[in-house]
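Below: one structure, written as structure tokens.
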Amino acid sequence: MVLPEEGHLLRIFIGESDKHDGMPLYEWIVRKARENGLAGATVLRGVEGFGAHSRLHTAKILRLSVDLPIVIEIVDTKDKIENFLPIIDFAIQEGLATLEKVQIRFYRSGKK
């Protein structure tokens, strides 16, 4: 797959304990991204954060949270991301999604 120099980054903020179809929501989103031919997805687990409810979620030992922040990042063309959003929108009950322009410097698999 070849990506253009100018792409878009979809960033989805959810909670680690969020579920859909009996699996963690972040896993479900990554699988949907793969099924729909997006270039790739990365899941990042936050050590601390808060969202719309202003509830603090932290990995600190004294306040160990079972609902740490999760960020899913997907880079592809704007069209592919715009087509993907309606596929996952209904499954995200709480969270945030942002979209921004990015410059793609390279996208390679290492295979010759």
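The values are calculated or read from the model by the stated rules, or taken from the named source; none is laboratory data. Here the structure is a predicted model, which means the values were calculated and not measured. Using ideal geometry, Cβ is built from the backbone for each residue, glycine included, and neighbour counts are taken over all protein chains shown.
Within the stretch 4-32, take every residue that is among the aliphatic types (A, V, I, L, M) and crowded, with 18+ Cβ neighbours inside 10 Å and give me the one that is farthest from residue 110 (Cα to Cα).
Keep residues of the stretch 4-32 that are among the aliphatic types (A, V, I, L, M), which gives 9-10, 12, 14, 23, 25, 29-30.
Checking which are crowded, with 18+ Cβ neighbours inside 10 Å leaves us with 10, 12, 14, 25, 29-30.
Numbers: 10: 24, 12: 27, 14: 31, 25: 29, 29: 25, 30: 21 Å.
It comes out as 14.
Answer yes or no: is there a residue in the stretch 28-35 that is among the aromatic types (Phe, Trp, Tyr), at pLDDT 95 or above and touching a His at 6+ places or on another chain (Cβ under 7 Å). Lay out the reasoning, then the answer.
Our first condition is that a residue be among the aromatic types (Phe, Trp, Tyr); within the stretch 28-35, this holds for 28.
With the extra rule that they be at pLDDT 95 or above, the set shrinks to 28.
With the extra rule that they be touching a His at 6+ places or on another chain (Cβ under 7 Å), the set shrinks to 28.
Yes, the stretch 28-35 has at least one match.
Suppose the filter is of a type in the set (Gly, Ala, Ser) and under 30 Å from residue 2 (Cα atoms); does residue 22 pass it? Talk me through it step by step, then tell me what you get.
On the way: of a type in the set (Gly, Ala, Ser): yes; under 30 Å from residue 2 (Cα atoms): no.
It is false that residue 22 is of a type in the set (Gly, Ala, Ser) and under 30 Å from residue 2 (Cα atoms).
Please specify each residue of the stretch 60-93 satisfying the condition of being assigned to a loop (DSSP other than H, G, I, E, B), touching a strand residue (DSSP E or B) at 6+ places or on another chain (Cβ under 8 Å) and at pLDDT below 95.
Correct list: 60, 65, 67, 68.
Scan 97, 52 and give me the residue that is surrounded by fewer than 14 Cβ atoms within 10 Å (Cβ to Cβ) and of a type outside the set (Val, Ile, Thr).
52
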